[in-house]
2 protein chains.
Amino acid sequence: MLYLVGLGLSSVEDITVRGLNVVQKCARVYLEAYTSILMAASKEDLENFYGREVTLADRELVESSSDTILEGADKVDVAFLVVGDPFGATTHTDLIIRARSLGIPFEAIHNASVLNAVGACGLQLYNFGQTVSLVFFTDNWKPDSFYDRIKENRKIGLHTLVLLDIKVKEQSFENMARGRMIYEPPRYMNIETAASQLLEIEYVRKEEVYTDNTPCVSVSRLGSPDQKFVAATLGELSEIESGEPLHSLVILGHRTHEMEIEYLLDFATDKMKFQKAVETEVEAAVELPPPVTADEDDD
Amino acid sequence: MLYLVGLGLSSVEDITVRGLNVVQKCARVYLEAYTSILMAASKEDLENFYGREVTLADRELVESSSDTILEGADKVDVAFLVVGDPFGATTHTDLIIRARSLGIPFEAIHNASVLNAVGACGLQLYNFGQTVSLVFFTDNWKPDSFYDRIKENRKIGLHTLVLLDIKVKEQSFENMARGRMIYEPPRYMNIETAASQLLEIEYVRKEEVYTDNTPCVSVSRLGSPDQKFVAATLGELSEIESGEPLHSLVILGHRTHEMEIEYLLDFATDKMKFQKAVETEVEAAVELPPPVTADEDDD
């Protein structure tokens, strides 16, 4: 059996009891280590907590040598550990499709991921539109397909969760060209870079999808003891110091509900300015969609 | 400290190790028992697993008498257990806002909820739009605001997760009017009712938001040992027998990716028909949005 085990967001103890039992009975345990990281735990912490050896699985192993991971999994149990929930990245779906084609049974053990835990910032999950990803820009590569998607979300008043790039075990172009197996230090996009990149694209595209004054929430170290939310405008967020990774960003939509605002104001650097930014947002929406009725959406 | 502890989806062992440690040290433990249920565990199962007493918290207690739950939580630890993730329902946000106003510190312990675990059906989470809720229709109450939201999602090609109504400890109008504290047996909406209600509104509104032939996935008992997905048209789903609760439904959008289809076909009752329904969907989309690029969205 192949077990895909979600580890949750931060510490070794964020694994579920079921997940822990599975890890402890498996013949081999792999830790997927390139689409995300556990913020408060190293591979050694995990090994100590589980009382067993864990093999790091980098992109090459998972994407090019997945049969190594799956070897014998029709007879013995293999655990593939994933930060967050196992279905957070398409790359894990690939692994399942491969397992299915080899006739290997599999089971997922779910856990929290940023996609549902982001509710902790006070924004209601049913007010979110599609999630977008933002990659590190280079001088000549600034992919901006997220812009069209944020536009779609904002047009109908929905919040957008922006997932920020993580670069782990990446090679420089030079090292790659020369075939040197030398890797760059890991990089995790912070809030100030994300906000700046978002604004950079707005300045180029000029479709007024969002502005310096658009209300946002920065989500830092979600689910860890020093989790932090900052409610501020996008312009303000481009100048904060967001600190240690991991980070995500939410761009508010005009459907923002009063209770959401009440919750968020506690995280505002400048309450008056933030409230004003939200009001401007709501007023700018020409046609408001029907309001949320408590009976239909509360539970 | 008030701890909001997510229990995950199905069994007692779906709690995280951190959550279990917290429950075991708290002075009082409440189980929120009206917005969802743990499929494979009763209150007694939880009590046996935790080795301690658990108090059921119904809607009245949480919404009208929340100060009972919060009493003394500035001095002792109180756990409030929630199926799924603590931020899945607005009612829990109310409790936090109340705690904040009383100066009671709080902490959330996250877990999987249907909003992220639904990825197990093979549809990519970043291809979902806003989530909608569907309540049980009565003869004279058929709220249809979900219809406009599904329309918004489908217009831009996104999938829609439809959460299905749960009625726990509800009174009949007659008993309520007469002040009798007699409760109806719990009801959980199944797939066939959901699909029929969705189609009923389409027949009335006639905006062709979806049809009998729209491809969908039924999601039954997600995260439990007898979890089941059925990929079929909405018309077909209105006639299946979906069995024991809980259920959710996903309506596919035209942005459906090839890998999503490959994964889903395994769950199709009629592979040819389902594939054809998806193709019709894609062809009907006049203007396709830019395709997902692997580099930006895979991780």
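Which of the numbered conditions does B:Leu163 fail, given that it passes all the others? Conditions: (1) within 12 Å of chain A (Cβ to nearest Cβ); (2) surrounded by fewer than 23 Cβ atoms within 10 Å (Cβ to Cβ); (3) in a strand (DSSP E or B).
Just one mismatch for B:Leu163, condition (2).
Among what's in region B:89-103 and is out of contact with any helix residue (DSSP H, G or I) (no Cβ under 8 Å at 6 or more places or on another chain) and open to solvent by 20 Å² or more (accessible area, probe 1.4 Å), pick the residue that is nearest to the other protein chains (Cβ to nearest Cβ).
Per the stated criteria, the residue is B:Arg100.
Among the numbered criteria (1) part of a loop (DSSP other than H, G, I, E, B); (2) closer than 25 Å to B:Asp14 by Cβ; (3) open to solvent by 40 Å² or more (accessible area, probe 1.4 Å), which one does B:Pro86 miss?
(3)
Across region B:89-108, what is the total count of residues that are within 15 Å of B:Tyr3 (Cβ to Cβ) and assigned to a loop (DSSP other than H, G, I, E, B)?
2
Can you tell me which condition B:Phe106 does not meet? The list is (1) in contact with a Gly (Cβ under 7 Å, 6 or more places away or on another chain); (2) open to solvent by 10 Å² or more (accessible area, probe 1.4 Å); (3) not polar (S, T, N, Q), and all the others hold.
(1)
Only residues that are closer than 25 Å to B:Gly84 by Cα and in contact (Cβ under 8 Å) with a residue 40 or more places away in the chain: list them for region B:205-240, please.
The answer is B:Val217, B:Val219, B:Arg221, B:Leu222, B:Gly223, B:Ser224, B:Pro225, B:Gln227, B:Phe229, B:Ala231.
Could you grab me the full set of residues in region B:124-160 that are part of a loop (DSSP other than H, G, I, E, B) and not polar (S, T, N, Q)?
B:Gly129, B:Val135, B:Phe136, B:Phe137, B:Asp139, B:Lys142, B:Pro143, B:Asp144, B:Ile156, B:Gly157, B:Leu158
In region A:172-194, how many residues are outside any helix (DSSP H, G or I), in contact with a helix residue (DSSP H, G or I) (Cβ under 9 Å, 6 or more places away or on another chain) and away from every other protein chain (no Cβ under 14 Å)?
To start, the set of residues in region A:172-194 that are outside any helix (DSSP H, G or I) comprises A:172, A:178-190.
Imposing the further condition that a residue be in contact with a helix residue (DSSP H, G or I) (Cβ under 9 Å, 6 or more places away or on another chain) reduces the set to A:180-184, A:189.
From what is left, the residues that are away from every other protein chain (no Cβ under 14 Å) are A:180-184.
So the answer is 5.
State whether the residues of region A:270-285 include one that is over 19 Å from A:Ile156 (Cα atoms) and within 14 Å of chain B (Cβ to nearest Cβ). Explain how you work it out, then say what you get.
Our first condition is that a residue be over 19 Å from A:Ile156 (Cα atoms); within region A:270-285, this holds for A:270-276.
Of the ones still in play, those that are also within 14 Å of chain B (Cβ to nearest Cβ) are none.
For region A:270-285, residues over 19 Å from A:Ile156 (Cα atoms) and within 14 Å of chain B (Cβ to nearest Cβ): absent.
If A:Asn127 meets every condition in (1) open to solvent by 20 Å² or more (accessible area, probe 1.4 Å); (2) within 18 Å of the chain's Cα centre (by Cα) apart from one, which number is that one?
Failing condition for A:Asn127: (1).
Looking for something under 21 Å from B:Leu237 (Cα atoms), of a type outside the set (D, E, K, R) and in contact with a Phe, Trp or Tyr (Cβ under 9 Å, 6 or more places away or on another chain) - is there at least one such residue anywhere in region B:172-193? Step through it out loud before you land on a result.
Within region B:172-193, the subset under 21 Å from B:Leu237 (Cα atoms) is B:187-193.
Now drop any that are not of a type outside the set (D, E, K, R), which leaves B:188-191, B:193.
Restricting the remaining residues to those that are in contact with a Phe, Trp or Tyr (Cβ under 9 Å, 6 or more places away or on another chain) gives B:189, B:193.
Yes, there is a match, as at least one residue in region B:172-193 is under 21 Å from B:Leu237 (Cα atoms), of a type outside the set (D, E, K, R) and in contact with a Phe, Trp or Tyr (Cβ under 9 Å, 6 or more places away or on another chain).
Does region B:112-132 contain at least one residue that is more than 11 Å from chain A (Cβ to nearest Cβ) and within 27 Å of A:Glu262 (Cα to Cα)?
no
Please note which strands (runs of 3 or more DSSP E) are completely contained in region A:1-76 and include at least 2 residues that are within 14 Å of chain B (Cβ to nearest Cβ) and open to solvent by less than 10 Å² (accessible area, probe 1.4 Å). Even if it seems obvious, please write down each step before you answer.
Numbers: elements: A:2-6, A:28-32, A:55-57.
Hits in region A:1-76: A:2-6.
The values are calculated or read from the model by the stated rules, or taken from the named source; none is laboratory data. Keep in mind the model is a prediction, meaning the values are calculated, not measured. Note: ideal-geometry Cβ built from the backbone for every residue, glycine included; neighbour counts use all protein chains shown. Areas reflect the complete protein model, heavy atoms only, side chains present, ligands, DNA and RNA absent. Shrake-Rupley method; radii C 1.70, N 1.55, O 1.52, S 1.80 Å.
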